[in-house]
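A quick write-up on the structure given underneath.
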Amino acid sequence: MVALGFSKDTKVSVLLKSISTERMKGLYAARGASLYALVKLTDVDSESTDDTPTEQQTTEDGLIAPGESPTSGTAPTPGGDNYQGDVSEVIGSDQDIKWIPGNHSYSVQIGNIDCDVYLTNENGKININGVDEKNREIFVTFLTNKDIDILDADVITDSILDWIDTDDLSHINGAEDGYYGSLPEPYKSKDDLFSSIEEMTLVRGVTPKIFGKIRDEITVYGDKRINININNTTKDVLSSIPGLSEDLVDELLLHVEENGSIETGEELRQLFWDIGIIGDSFEKIRPFITIDKSDFVTISAVTSGLGRMQEQSNKSSEHRVYDYKLVVGKTDKGYKIYAAYPE
């Protein structure tokens with residue numbers, strides 16, 4: 001009986017160790033795929049016939065400098081953001097293509113592990129540094145779209161305003177130093193812009209559960225205003241804009257899903273005209289939407305068989321489940337990594 005007990009415990013320990021090892025392999029493969037995608041964001045001469053490998057230059061400040069990227073597999077080149085399929089690559093083949101953000105995925109093999117990689121513009125999210133008195137209702141609506149109680153939504157939104165502003169006056173439902181100083185572990189209101197989305201967990205009313213609901217649809221990168229990329233967003237974000245009902249948002253996102261990204265202002269205006277939003281109604285919505293690409297990109301990688309990627313359909317508000325994620329920003333030297341998950 002003792003021997004059988006030890007045997008069972010040993011089998012369980014070996015199984016757990018095996019699962020842990022596979023998860024670790026998957027994590028590092030996804031990390032490698034994310035870093036490979038970072039390189040592929042840089043300018044690549046797809047017409048070059050020079051097979052001589054060139055080392056990618058990395059500067060001391062952590063920037064990936066423009067240059068020749070690792071060679072990639074023979075794969076169809078996506079036709080801009082309108083491309084909706086998958087692109088497969090195998091490191092070591094002889095064709096280079098530049099990866100671009102859009103509603104499609106790229107595939108790459110790291111070692112013997114297949115990875116899917118998604119590149120999305122950060123301006124498809126709500127920039128919490130852009131919340132102000134004039135547009136606060138957008139954020140309140142966004143929170144209620146995430147099944148957060150309206151009273152909690154008001155507290156969180158007013159507390160964001162107090163966190164950002166430089167005065168000591170609290171909004172009706174907000175919080176300043178007096179509130180934060182009375183907590184078991186006291187601290188002060190920042191009175192400045194958010195440096196990271198994780199900083200939201202310090203704001204009054206933002207519980208871990210609430211932060212988990214909104215973290216994938218908020219950002220601190222890019223323009224300090226609420227200006228949503230209609231080509232790269234979710235239903236919960238877009239329907240928070242006044243004048244856009246859920247039915248209208250469904251029509252807009254379905255159009256993007258079926259026809260590809262909207263490329264021009266005239267095309268955007270025509271799309272809104274077709275769904276009945278014209279004149280002043282369109283002009284009230286226009287300041288909060290954009291078709292411009294962001295200088296900040298989220299790279300999300302998942303390993304096939306070890307993780308599960310939920311396609312971020314334009315018709316739903318489900319988030320992608322990733323094994324590794326990077327937030328990168330364009331600079332005059334290339335791209336810089338601003339955040340990595342898990343760290």
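Every number in this text was worked out from the coordinates using simple rules, so none of it is lab data. If you're wondering where the values come from, they're calculated on a predicted model, not measured in any experiment. Every residue, glycine as well, gets a Cβ built from its backbone with ideal geometry; the counts of neighbours run over all protein chains shown.
May I ask you to give the average projected area over all directions of the convex hull of the Cα atoms of segment 151-215, in nm² rounded to one decimal?
Orientation-averaged projected area of the Cα hull: 4.2 nm².
Based on Cα positions only, what radius of gyration and what Dmax would you give for segment 201-278, in angstroms?
14.9, 43
Hey, can you rank 126-134, 267-275, 292-300 by average C-beta count inside 10 Å, highest first?
Highest mean packing first, the order is 292-300, 126-134, 267-275.
What percent do you get for the relative contact order of segment 148-214 when only Cα pairs under 8 Å and 6+ apart count?
Once normalised by length, the contact order is 31 percent.
Work out Dmax and Rg for segment 92-227 from the C-alpha atoms and quote the Rg first, both in angstrom.
18.8, 62
Taking the alpha-carbon set of segment 111-175, what are its Rg and Dmax in Å?
16.7, 58
Need one number: nm distance between label points at Ser182 and Tyr338, each 7 Å from Cα along Cα→Cβ, rounded to one decimal.
Those two pseudo-labels are separated by 3.5 nm.
Straight-line reach only, C-alpha to C-alpha below 24 angstrom: list the lysines that Lys293 could link to, leaving out same-chain residues fewer than 8 apart.
Lys40, Lys98, Lys125, Lys224, Lys235, Lys284, Lys315, Lys325, Lys330, Lys333, Lys336
Please give the net charge around Ile277, taking every other residue with its beta carbon less than 13 angstrom from that of Ile277, where Lys and Arg add +1 and Asp and Glu add -1.
On the way: positive: Arg269, Lys284, Arg286; negative: Asp247, Glu251, Asp274, Asp280, Glu283.
Overall, the nearby charge balance is -2.
For the pair Glu283/Lys209, report the inter-label distance in nm, with labels modelled 7 Å from Cα in the Cβ direction.
4.5
How far apart, in nanometres, would the label points at Thr144 and Val2 be if each is projected 7 angstrom from Cα along the Cα-to-Cβ direction?
Placing both labels 7 Å along Cα→Cβ, they lie 6.8 nm apart.
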